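Quick one: the structure is below, and I'll ask about it shortly.
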Amino acid sequence: MKVLITEYLRIDLDTEQWECRCCNHVIGPARELYKEGTLVYHRDPREIHPPLLDEKKYAKTFAPDPKWCAILEYYCPGCGTLIETEYTVPGHPPVRDLELDIDALKAQWSKRKEEKVHIAAGDIPTPARPRHGQSH
Amino acid sequence: MNTTESVAELSPADQKIMNEFLEEHQLFFGPDFNQMQNHRLEARTARENEAISKVNDPHLLNQVRGRIQSSLAESFRMIEQMGAAPGAKWGDLVAGIFTASGDLSECSPWGMATFSAVCQYPIKFCNKYWTNDPSVGLKDGDGFIHNDPRYGGIHATDQSMMMPVFHEGELVCWVSSTIHEGENGACEPGGMPARAESKYDEGLKMSPLRVVENYQIKRDVLTFLQNSVRDPKLQYEDVKVKMFAVMRTLDRVRSIINEFGVDALIAFLRRNLEDTETEIRRRLSEMPDGIVRFPSWADSSLREPCLIKLNMELHKKGDRATLSIKGSSPQMSNRAINNVVASTKSFLLTGIIMQVWPDLPRNQAIISTFDFESDYPSMMDCDYDATLSMSISSAFHYLIKPGQLFNKLLYSVPLEAKSRIIPAVAAQYNQPATFIYGGLTQHMEVTGNFCADINGAGQGARENRDGLHSISGCFSFMSDTGEQELLEEELPMVRLVAQTLAKDRMGFGKYRGGAGYEQMMSSKGTAMWGFMTGQTGSSFSSCPGLFGGYSSSAYPICRVKGINVFEWLKKPGNTERFPFDIVELMNKQPIEGGVYTADDAGITFELTTEGEIYMICQGGGGGYGDVLERDPELVMQDLLEDLVSHQVATDLYKVVYDKATLRVDPAATKQARDAERKARMARGKPYKEFVKTWTKPTPPENIPYYGSWGDNSVIYAGVGESRITMPSDKMHPVFMPDPREVQMAKLKARIAELEGKGK
């Protein structure tokens, strides 16, 4: 059984592996941090948030300062999907953002049906209400 | 010489006498530390047990709930219609009802749940200290006012009115209303001084104080309050407004008692809390077990640039969960951005309501269900000597953390649990981006307050659609940005541009965050006026994305000083030359002789002259998902609506299209996106290889840094050689040097250097 954990990640409970939801690439052991199976790139924040003000005239330009702020981009090695972004201080250890208890997850889903398609909470169709025959 | 330590040992009888003496002769009723640290519900009382045993019909209790909710909605609207404070006019207020023990059982469906959640602390203070004090006591018709956050509150600009409700001599509940009043006599006008360096700079600080007796405002007390602030009319009007709103709630409560009986009321107020805790535990048990972490950094203390770590972890197991903020910045005692922990918890409560479970009753159980960990004293759990007047600057980070954390555990819940959550949503912009002003109005009245633009933050992108533009403050849905025309009637301020959405400054992603808008303000017709701001995030993006989405951009404050734009606009042809756009105005610099600057967005109060221009942006929300997955047609729509530039559409979203017709070339777009995915795979390094060169053992030497680095138990504070490290469990407050002294020392050194060269 596979559990859809985030927009781009799922866990195969049988193999205990993180998988990419876009290309099915096996990212790494589910008991480890998923980031360890990704490709990481240190992105200069000015490439995403380009300076809007003239850098020759102003110290602050609407772009983050690359000496203070770095973007770590985590890519799926199988398809290059951007699984996660992390805004951090240059040199700060990457955050261990998601550590799941796999045994508990297995126990939890042993009583549930597998869901192969993710439906956003707001997109669940509301049951049709019974119509009353009266008219005004 | 031998010495023997002598320890006085008291007999039990003497000890009892001493305890009684100390209790009777308490020197100062300061904030009660244990009360202020405790976010749990009070134990169920015998009276509540009795009421619940008598009234247990859920339908009847639901009827009581409906009456209470409509009553609080009514009181909210009363305040909104009558209140004088700008915050009151546009939604920064709330009405609440509490159990007799002081737990918040329900607050109005609109407004600031945070205010009510912290209001329980002064109520509990009144219960504990004033009930049996012969010089105070609690009586029918009493109204207590309060604004000192050290007794429960966010900052001293928020004033609460609290009334005990008696039925046949028995205290059955408390009712309250709270408004962000603004002006409070602080060292800078407007009630949120960033320049405050101690609590004595924060202006009026009311411990819970009886200002209403027998439903009448006590004029001697009121006069003292009016005399303590810059806007005595505002102080009077809003004390009245809050009192009458609370009295209306009180009337409605009495009618509930008449119709359903007092036991139904008491039973509902208690059950509403216990049932909420039970429901939260059910929802927690539906989520996977694990640990989620989300640190963020503020980039300014509002007095100097520095990186301030604001840490947060969620540890969830079964139906229990712990919220931990350990590893966050130490307390900066003489900076305005510290928080008492009750305030931090109330912000988390609001974040949980807004981003996770908006359907739950808005009450204390939202947070009391969770275990909580923090370091004391620290920035988010400070002592009572720390300065708090601009606490919201750091606290707003905690408004969006529940969303960032819970989303990673909620995304996977099964379909049957989806009706109990909302779609995953990236962060709403989380800084107080607004002008705080003060001075002499065109009507020759002294005033100080803030603009309702704080309520215009962009919403984060959702997992199934884009975020909404300038929807509300991240602290409260259903708040508004106000009417500029009304503001201009009362105040000598002119907005030079409409609320134009800020292009290219929202978070990008598969779905983009909602945009914020540009604010361009000037003063006119006043002999004395000034502005300040309390926004951080000019060097480090404040508002994060989710699941691959990017944060929104950084936001400076832009100023054009030394000019009078109104005189300039009178000259022929100049109206056509004025850009009505911050970026264009700053880059083209069309107003001759102006001094154009773009700085850290948080500035302390400074005087301005007529026609100088101050500009900030209300921020955009975070993005959701990979930019390469955004529907190219949605990118075209963004272009059509002038939300993004061609540069962003091409370089970031990798859409290939005809710039004249905005017609997408699907094949070329697919090719460009495939190429970008390949480029990512080529430039990305395997994680283990990457961290070898990336991770550094300590924060950068040349950046003032406050908080943990990798290990939550080690705290760093300072820069360069003066940086200190301390274990988190022995953390002590830090004091920051006066920025003016620092600047003067630099200038003196420079003068000495130049004079030395001249010799």
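By the scheme Lys and Arg +1, Asp and Glu -1, what is the net charge of all other residues having a beta-carbon under 13 Å from that of B:LEU10? All intermediate terms of the calculation are to be shown ahead of the outcome.
Numbers: positive: B:LYS16; negative: B:GLU9, B:ASP14, B:GLU20.
Net of charged neighbours comes to -2.
So if I take the centroid of the Cα atoms in segment B:690-759 and the same for segment B:646-667, what is the distance between those two points in Å?
So the two Cα centres are separated by 45 Å.
Enumerate the amide H contacts of B:VAL94 below 5 Å, restricted to partners 5 or more residues apart or on another chain; note that Pro and chain-start residues carry no placed amide H.
B:MET112, B:THR178
Still on this structure: If you average the sequence gap of Cα pairs under 8 Å that are 6 or more apart and divide by the length of segment B:640-727, what percent do you get for the contact order?
On the way: 70 pairs, mean separation 11.3, N = 88.
After rounding, I find 13 percent.
About its Cα centre, what dipole magnitude does segment B:423-625 give when the only charges are +1 on Lys and Arg Cβ and -1 on Asp and Glu Cβ, stated in debye to the nearest 20?
Working: 14 positive and 22 negative charges, 139 e Å.
So the dipole magnitude of segment B:423-625 works out to roughly 660 debye.
Describe numerically, in nm with one decimal, the distance between label points set 7 Å from Cα along Cα→Cβ at B:LEU634 and at A:LYS113.
Rounded to a tenth, the inter-label distance reads 2.9 nm.
Ok, one more. Give me the dipole magnitude in Debye, nearest 20, for chain B about the Cα centre, with unit charges on the beta carbon: positive for Lys and Arg, negative for Asp and Glu.
On the way: 81 positive and 98 negative charges, 432 e Å.
Dipole magnitude for chain B comes out near 2080 debye.
In addition: Determine one quarter of the surface area of the Cα convex hull of segment B:352-463, which equals its mean projected area, and express it in nm² to one decimal. Display every interim value, and only then the final one.
Working: hull surface 41.4 nm².
Averaged projected hull area, Cα only: 10.3 nm².
Run the count for segment A:2-119, please: Lys pairs, Cα-Cα under 17 angstrom, 8 or more apart or on different chains. Write down the numbers at each step before the final one.
On the way: A:LYS2/A:LYS106; A:LYS2/A:LYS111; A:LYS2/A:LYS113; A:LYS2/A:LYS116; A:LYS106/A:LYS116.
Final tally of qualifying lysine pairs is 5.
Starting from the exponent 0.38 and prefactor 2.2 Å, build the expected Rg for the protein assembly as shown from its residue count and divide its actual Cα Rg by it. Mind dumping the intermediate values first?
Numbers: Rg = 28.2 Å, N = 895, 2.2 N^0.38 = 29.1 Å.
Compared with the compact-globule rule of thumb, the protein assembly as shown sits at 0.97.
Below 14 angstrom from the Cβ of B:ASN258, what's the summed charge of the other residues (Lys, Arg +1; Asp, Glu -1)?
Details: positive: B:ARG67, B:ARG252, B:ARG254; negative: B:GLU168, B:ASP251, B:GLU259, B:ASP263.
Result for the local shell: -1.
Mind checking which of B:THR526, B:LEU440, B:ILE616 is farthest towards the positive end of segment B:423-625's charge dipole, using Cβ charges of +1 (Lys, Arg) and -1 (Asp, Glu) about the Cα centre?
With unit charges placed on the Cβ atoms, the residue in question is B:ILE616.
Taking chain B as the reference, fit the longest principal axis to its C-alpha atoms, fit the long axis of helix B:739-758 to the helix C-alpha atoms, and give the angle between the two in degrees, 0 to 90, nearest 10.
The angle comes out at about 40 degrees.
Semi-axes of the equivalent ellipsoid for segment B:1-73, please: Cα gyration tensor eigenvalues, times 5, square-rooted, ordered largest first, whole Å. Working shown, then result.
Working: eigenvalues 493, 59, 33 Å².
Taking √(5λ) for each eigenvalue gives 50, 17, 13 Å, largest first.
Oh, and also: Charges at C-beta only: +1 for Lys and Arg, -1 for Asp and Glu. How large is the resulting dipole of segment B:295-377 about its Cα centre, in Debye rounded to 20?
Values: 9 positive and 8 negative charges, 11 e Å.
Computed about the Cα centre, the dipole is about 60 debye.
Counting only Cα, what are the radius of gyration and maximum Cα-Cα distance Dmax of segment B:137-188, in Å?
When restricted to the Cα atoms of segment B:137-188, Rg and Dmax are 13.5, 47 Å.
Among B:VAL494, B:SER207, B:TYR376, pick out the residue whose Cα is farthest towards the positive end of the charge dipole of the protein assembly as shown, where Lys and Arg carry +1 and Asp and Glu carry -1 on C-beta, about the Cα centre.
B:VAL494
Express the relative contact order of chain B as a whole percentage, based on alpha carbon pairs under 8 Å and six or more residues apart in sequence.
Numbers: 1831 pairs, mean separation 93.5, N = 759.
Across chain B, relative contact order equals 12 percent.
Right, another one. Report the far tail of the P(r) of segment B:535-599, meaning the percent of Cα-Cα pairs longer than 21 Å. Walk me through the intermediate numbers first.
Numbers: 839 of 2080 pairs.
For segment B:535-599, the fraction of Cα-Cα distances above 21 Å is 40 percent.
Considering the options B:GLY96, B:GLY482, B:VAL734, tell which one lies farthest towards the positive end of the dipole of chain B, charges being +1 on Lys and Arg and -1 on Asp and Glu at the Cβ, about the Cα centre.
Ranked along the dipole, the leading option is B:VAL734.
Determine the shielding of peptide B:528-541 by partner chains: average, over its residues, the number of Cβ atoms on other chains within 10 angstrom of each Cβ.
On the way: counts 0, 0, 0, 0, 0, 0, 0, 0, 0, 2, 8, 10, 9, 8.
Per-residue shielding by partner chains comes out at 3.
Starting at the first residue of segment B:40-45, write each ³J(HN,Hα) from the Karplus equation 6.51 cos²θ - 1.76 cosθ + 1.60 with θ = phi - 60°, in whole Hz, x for Gly and Pro.
In residue order, the calculated couplings are 7, 5, 5, 5, 4, 7 Hz.
Under the Karplus relation 6.51 cos²θ - 1.76 cosθ + 1.60, θ = phi - 60°, what is the ordered set of whole-Hz ³J(HN,Hα) values for segment B:130-147, x standing for Gly and Pro?
Karplus values, whole Hz, x for Gly and Pro: 9, 3, 9, 7, x, 8, 10, x, 10, 9, 4, x, 6, x, 9, 10, 6, 8.
Once amide H atoms are placed 1.01 Å from N in the peptide plane, what residues at a sequence separation of 5 or more from B:GLY530, or on another chain, have their amide H within under 5 Å of its amide H?
B:GLY438, B:THR608
Further question: What Kirkwood hydrodynamic radius do you get for segment A:23-107 when you take the inverse of the mean 1/r over all pairs of distinct Cα atoms, in Å? Walk me through the numbers on the way to the answer.
Working: mean 1/r = 0.0667 Å⁻¹.
It is 15.0 Å.
What's the angle, to the nearest 10 degrees (0 to 90), between helix B:12-24's Cα axis and the longest principal axis of chain B?
Value to nearest ten degrees: 60.
Could you work out the mean count of beta carbons from other protein chains within 10 Å of each residue's beta carbon in A:50-60?
Working: counts 7, 2, 13, 8, 7, 0, 0, 6, 8, 7, 12.
So the per-residue partner count for this stretch is 6.
Next up: Relative contact order of segment A:2-119: what whole-number percent is it, with Cα pairs under 8 angstrom and at least 6 residues apart? Intermediate results must be reported in sequence, preceding the final value.
Working: 186 pairs, mean separation 28.2, N = 118.
Reported relative contact order: 24 percent.
What does the average come to when, for each residue of peptide B:641-648, you count the partner chain Cβ atoms lying within 10 Å of its Cβ?
Values: counts 0, 0, 0, 0, 2, 0, 1, 3.
Mean number of neighbouring Cβ atoms from other chains: 1.
If you take the alpha carbon radius of gyration of segment B:423-625 and divide it by 2.2 N^0.38 Å, what ratio comes out, to two decimals? Numbers along the way, then the final one.
On the way: Rg = 17.2 Å, N = 203, 2.2 N^0.38 = 16.6 Å.
Against the compact-globule rule of thumb, the ratio is 1.04.
When all C-alpha to C-alpha distances in segment B:627-687 are sorted into bins of 10 Å, what percent of pairs does each bin hold, rounded to whole numbers?
Result, from short to long distances: 23, 51, 19, 6, 0 percent.
Starting from the amide H of B:VAL714, placed 1.01 Å from N in the peptide plane, find each other amide H under 5 Å away whose residue is 5 or more places distant or on another chain.
B:TRP709, B:SER728
Across the Cα atoms of chain B, what radius of gyration and what greatest pairwise Cα-Cα distance (Dmax) are found, in Å?
Just the Cα atoms of chain B yield Rg and Dmax of 27.3, 98 Å.
From the phi of every residue in segment B:558-572, what ³J(HN,Hα) in whole Hz does the Karplus formula 6.51 cos²θ - 1.76 cosθ + 1.60 yield, where θ is phi - 60° and glycine or proline is x?
Result, ordered by residue: 10, 9, 10, 10, x, 9, 10, 5, 5, 5, 4, 5, 6, 6, x Hz.
With axes computed from alpha carbons, what is the tilt in degrees of helix B:232-260 against the longest principal axis of chain B, rounded to the nearest 10 within 0 to 90?
With rounding to tens, the tilt is 60 degrees.
What's the Kirkwood radius of segment B:667-759 in Å, using all Cα pairs? Before the final figure, lay out the partial values.
Details: mean 1/r = 0.0549 Å⁻¹.
About 18.2 Å, per the Kirkwood formula over Cα pairs.
Obtain the nm distance between the two label points defined at B:THR223 and B:LYS748 by a simple spin-label model: each point lies 7 Å from its Cα along the Cα-to-C-beta direction.
About 4.8 nm separates the two model spin labels.
Just give me a number: lysine pairs in segment B:659-759, eight or more positions apart or cross-chain, with C-alpha atoms less than 18 Å apart. Write out the running numbers ahead of the final one.
Working: B:LYS659/B:LYS670; B:LYS670/B:LYS678; B:LYS685/B:LYS696; B:LYS688/B:LYS696; B:LYS746/B:LYS757; B:LYS748/B:LYS757; B:LYS748/B:LYS759.
So the count of such lysine pairs works out to 7.
How much net charge surrounds B:ASP466 when only other residues with a Cβ under 12 Å from its Cβ are counted (Lys, Arg +1; Asp, Glu -1)? Walk me through the numbers on the way to the answer.
On the way: positive: B:ARG462, B:ARG465, B:LYS510, B:ARG512, B:ARG630; negative: B:GLU463, B:ASP631, B:ASP638, B:GLU641.
Taking every other residue near B:ASP466 into account, the sum is +1.
Readers should treat all values here as calculations from the given coordinates under stated rules, not as data from a laboratory. Worth saying up front: this structure is predicted, and the values here are computed from it rather than measured. Every residue, glycine as well, gets a Cβ built from its backbone with ideal geometry; the counts of neighbours run over all protein chains shown.
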